[in-house]
Structures are given as structure tokens and as C-alpha cells.
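Undergrad: Take a look at this one; I'll ask things after.
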Amino acid sequence: MNIKRICVLCFSPTGGTEKIARLVAGELAGPLGLEPVYFDFTKPQGRRDEYRFGADDLLVMASPVYAGRLPNKLMPEYQAKIFGSSTPAIPICVFGNRSPDEALRELVLLLEGNGFQIAAGAAFAGRHAFSDRVGEGRPDQSDLDEIRSFAAKAAEKLSMDALPPLDMDRSEIGPYYTPLKEDGTPAKFLKARPLTRWEKCSRCGACARACPMGSIDPQTMDAVGLCIKCQACVRRCTVQAKYFEDPDFLSHVAMLEQNYTSRAENVILI
Ligand SMILES: Cc1cc2nc3c(=O)[nH]c(=O)nc-3n(C[C@H](O)[C@H](O)[C@H](O)COP(=O)(O)O)c2cc1C
Ligand code: SF4
Ligand code: SF4
């Protein structure tokens with residue numbers, strides 16, 4: 001294939017997905033002899049227009065895993081704004097050391113439906129947005145080795161005249177994962193929103209600028225719109241003024257910390 005651009009498109013509220021997408025693209029740059037071009041799908045302004053890629057582009061598309069699938073509130077925009085024209089693509093999902101469940105298959109099928117041909121795909125583990133203790137230290141040295149070998153194999157496939165179809169189970173995508181509390185019952189935190197410790201808040205506006213849904217009022221710093229629990233506002237606040245106190249959310253985080261600290265394996269489709 002005659003690839004002239006490596007395009008990297010990420011949705012990455014807390015930066016873990018982008019970090020791994022950049023590692024993959026960096027490893028592809030050498031063998032393909034091209035510098036990657038980055039497109040940020042995270043902020044509302046980065047999702048205003050459609051992205052159309054040509055047959056001589058390679059798209060590396062990276063998304064975090066939310067509830068075992070692609071983030072449901074982003075799906076309409078993923079579907080309506082990212083198009084290929086027989087464009088080779090490498091879907092990358094980043095999950096927080098529990099499981100990618102159905103997300104990688106979902107991203108492969110979405111891209112195929114939007115005009116892309118899949119060269120290879122992977123789900124790599126990163127730190128969980130909810131807790132530094134879940135996925136701590138990921139990506140580690142072993143992940144870096146896996147990313148390097150994955151990119152080398154993908155580049156080899158991209159050097160062929162035509163891509164062979166990806167060998168993947170194409171059955172119907174399963175349901176979203178139900179988050180659990182410490183007692184094993186469902187954690188219901190759909191309506192949870194971040195709160196503010198006003199005595200600490202300097203009204204710097206960093207949380208409002210970081211929110212991918214544009215849901216934090218830049219005057220009051222209150223979360224007023226749709227909240228996808230991405231944690232961008234919490235992690236961007238340098239004085240720990242943003243926090244969640246929803247009991248079901250906190251119980252889910254505690255459950256993850258109890259059960260998902262041992263190393264989860266990456267998933268590679270090649
Ligand atoms: C709402 C939400 C749901 C998540 N669900 C899962 C999950 O089902 N499995 C998993 O392993 N990690 C899950 N994670 C962790 C993210 O996949 C992981 O932290 C990812 O790296 C976040 O991407 P970002 O750093 O680019 O924002 C979830 C994170 C959030 C915010
Ligand atoms: S980032 Fe923190 S300090 Fe800045 S406005 Fe938001 S809550 Fe306040
Ligand atoms: S308000 Fe919700 S959606 Fe916005 S950054 Fe915070 S956690 Fe993410």
C-alpha cells in the first residue's frame with residue numbers, strides 16, 4: 001500500500017489513550033518513513049467538523065473503554081464524523097486494567113462500516129481514570145515491547161499490495177458492563193457529577209477547559225451539563241478541588257481497587 005500520511009485521532013479526556021496512541025504511532029513512523037499528524041477528538045471544538053481520510057492515509061484511531069464498550073455518549077459522533085475511503089486503519093482501545101470486553105471489536109466494526117480497512121487492532125491497558133491504584137505503572141516495559149512488536153507486524157501488513165481481511169469474531173456486540181459496588185450489587189452512578197471544594201478553588205477555569213462535554217460553567221465552575229464521569233476535571237485540578245462523593249461511584253472505585261490491581265493482559269488482533 002502506498003501510505004503518505006499517518007493520521008492519529010484520539011478521544012482522551014485524561015491523556016492515557018493519547019499516550020498509548022502516540023507510542024503506537026511513534027513505532028509506525030520508522031518503518032513507514034512518515035511523521036504522524038495528530039487530530040484531537042477530545043474537546044467539543046475538535047468534534048465540530050467531519051474528518052475524511054483518503055486511500056493513501058493510515059488512520060490510527062484511539063478510544064478509551066467505558067463500561068466494556070466505546071463511550072456511549074461519543075458513539076453518535078464517532079459514527080457521524082470519521083470517514084475513510086478504503087483507508088487503512090489501526091483501531092486502538094485503552095482500558096483501565098479491568099477488561100476491554102467488547103470495545104475493540106466495536107471499534108473495528110465501526111471503522112469498517114465507515115469506509116476503513118483494518119490492518120491490525122489492539123486493546124492496551126493503562127491507568128484507570130477512576131484510581132491511580134488500578135493499572136498503576138501501565139504502560140510498563142512489557143507493554144512497550146508489545147506495542148513495538150504490534151507496530152512492526154502492522155507495518156509489515158501495510159507493506160502488502162492489499163490488506164487481507166482481519167480475522168475477528170464478527171457476532172453481535174454484547175451489552176455494556178454493569179459496574180459493581182463492593183458488595184457485588186450494581187453501582188448506579190449515572191447521575192453523579194463532580195462537586196467543588198470552594199475553599200480550595202481558585203476559579204482558574206482549568207476544569208471547565210478540560211471537560212470534553214463542555215459541561216462545566218466557566219463562570220461558576222459548577223458541572224451543569226451531561227457528565228460522562230471521565231475524570232478530566234478531577235485530574236486537571238492541581239489543588240484537588242474537584243471530586244466525586246456519590247456513594248455508588250466511590251463503592252465501585254473501591255471494588256476496582258480490591259479486585260483489579262493484578263496485571264491485565266493486552267489484546268492484539270493482527
Ligand atoms: C466512565 C468510565 C468507564 C470505564 N470503564 C472501564 C471498563 O469497563 N474497563 C476498563 O478496564 N477500564 C475502564 N475505564 C478506564 C479507562 O478505560 C481508562 O482509564 C482509559 O485509559 C481512560 O482514557 P483517558 O486516559 O484517555 O481518558 C473506564 C473509565 C471511565 C472514565
Ligand atoms: S481546576 Fe480546580 S481550582 Fe481551577 S476552577 Fe476548577 S475546581 Fe477550581
Ligand atoms: S464534568 Fe464530567 S464530563 Fe466533564 S470533565 Fe468532569 S467528569 Fe468529565
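Undergrad: Answer with yes or no whether S149 is among the small types (G, A, S), over 14 Å from the mean Cα position of the chain (by Cα) and under 15 Å from A264 (Cβ atoms).
TA: Considered against the rule, which asks whether it is among the small types (G, A, S), over 14 Å from the mean Cα position of the chain (by Cα) and under 15 Å from A264 (Cβ atoms), S149 comes out as no.
Undergrad: What number of residues within the range 40-59 satisfy the criterion of being open to solvent by 50 Å² or more (accessible area, probe 1.4 Å) and of a type outside the set (D, E, K, R)?
TA: 3
Undergrad: While we're looking at this one, here's another question. Has the range 192-209 got any residue that is assigned to a loop (DSSP other than H, G, I, E, B), in contact with a strand residue (DSSP E or B) (Cβ under 6 Å, 6 or more places away or on another chain) and either under 30 Å from G115 (Cα atoms) or within 16 Å of ligand 2 (Cβ to nearest atom) (or both)?
TA: The answer is yes, given that some residue of the range 192-209 is assigned to a loop (DSSP other than H, G, I, E, B), in contact with a strand residue (DSSP E or B) (Cβ under 6 Å, 6 or more places away or on another chain) and either under 30 Å from G115 (Cα atoms) or within 16 Å of ligand 2 (Cβ to nearest atom) (or both).
Undergrad: Further, regarding this structure: Given the criterion open to solvent by 10 Å² or more (accessible area, probe 1.4 Å) and either touching a residue at least 60 places away in the same chain (Cβ under 8 Å) or outside any strand (DSSP E or B) (or both), identify the matching residue among A152, A123.
TA: A152
Undergrad: Can you tell me which residue among G16, G33 is modelled with pLDDT of 95 or more, within 16 Å of ligand 3 (Cβ to nearest atom) and open to solvent by 10 Å² or more (accessible area, probe 1.4 Å)? Show your work before the answer.
TA: On the way: G33 fails: within 16 Å of ligand 3 (Cβ to nearest atom).
Testing whether each residue is modelled with pLDDT of 95 or more, within 16 Å of ligand 3 (Cβ to nearest atom) and open to solvent by 10 Å² or more (accessible area, probe 1.4 Å) leaves just G16.
Undergrad: Could you list, in sequence order, the residues of the range 150-173 that are under 22 Å from L23 (Cα atoms) and among the charged types (D, E, K, R)?
TA: Passing the criteria: K153, E156, K157.
Undergrad: Out of all the residues in the range 90-120, which are buried (at least 24 other Cβ atoms within 10 Å of the Cβ) and part of a strand (DSSP E or B)?
TA: I90, P91, I92, C93, V94, F95, F116
Undergrad: The conditions are (1) more than 10 Å from ligand 1 (Cβ to nearest atom); (2) within 19 Å of L158 (Cβ to Cβ), and A62 fails exactly one of them. Which is it?
TA: (1)
Undergrad: Quickly run through the range 211-270 and pick out the residues that are under 30 Å from R48 (Cβ atoms), assigned to a loop (DSSP other than H, G, I, E, B) and open to solvent by 80 Å² or more (accessible area, probe 1.4 Å).
TA: P218, Q219, V224, L226, T238
Undergrad: Mind checking which pairs have a first residue in the range 202-229 that is over 13 Å from K43 (Cβ atoms) and a second that is open to solvent by less than 30 Å² (accessible area, probe 1.4 Å) and at pLDDT below 95, Cβ under 9 Å, 6 or more apart or different chains?
TA: Partner pairs satisfying both residue conditions: D217/G225.
Undergrad: Checking the condition crowded, with 20+ Cβ neighbours inside 10 Å and in a loop (DSSP other than H, G, I, E, B), which residue from G174, G135, G184 passes?
TA: Every option except G135 fails the conditions.
The values are calculated or read from the model by the stated rules, or taken from the named source; none is laboratory data. Nothing here was measured: the structure is a model prediction, and the numbers come from that model. Cβ sites come from the backbone with ideal geometry, for glycine too, and all protein chains shown count toward neighbours. For accessibility, only protein heavy atoms count, side chains too; no ligands or nucleic acids. Shrake-Rupley method; radii C 1.70, N 1.55, O 1.52, S 1.80 Å.
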